[in-house]
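The values are calculated or read from the model by the stated rules, or taken from the named source; none is laboratory data. None of the values given here were measured: they were computed from a predicted structure. Each accessible area value is taken on the protein alone, full model and side chains, heavy atoms only, with ligands, DNA and RNA left out. Shrake-Rupley method; radii C 1.70, N 1.55, O 1.52, S 1.80 Å.
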Amino acid sequence: MTVSIELVTMMVTVASTLLGLAAGFGWMITRMDARFESFEQRMDARFERAELQTDARFTRFEQRMDARFERAEQRMDARFERSEQRADSRFDRLETGMGEVKTAIARLEGPTPHLLVTR
């Protein structure tokens with residue numbers, strides 16, 4: 001069986017064309033992988049910066065809110081202490097007044113005073 005030179009040339013041309021297409025496709029895939037990798041790195045860096053900025057903002061916000069709550073708690077403690085002191089002084093005055101009332105009631109309800117005569 002003899003093969004003509006045109007047929008061999010055609011087969012070599014098809015094979016080299018397919019090999020060239022496969023190599024080109026491989027080169028394109030490699031380039032796209034490199035571009036996707038660089039894009040992914042840029043996006044990762046951007047997200048990392050955004051996450052750090054967000055964390056810093058939340059930390060500052062949390063610190064400000066903690067300081068506000070601390071000041072509010074101190075003010076409330078001072079108010080409660082003042083009101084407790086006022087209530088204590090009122091109860092002290094009431095206790096003193098109650099002692100006087102008890103003495104007056106005991107005098108009223110006690111035995112009737114009578115004159116003691118000596119024998």
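Structural remarks
- Test: residue in segment 74-85 that is small (Gly, Ala, Ser), in a helix (DSSP H, G or I) and under 37 Å from the mean Cα position of the chain (by Cα): yes
- Condition check for VAL117: open to solvent by less than 100 Å² (accessible area, probe 1.4 Å) and of a type in the set (A, V, I, L, M): no
- Single match in ARG64, ARG107 (criterion: at pLDDT 95 or above and in a helix (DSSP H, G or I)): ARG64
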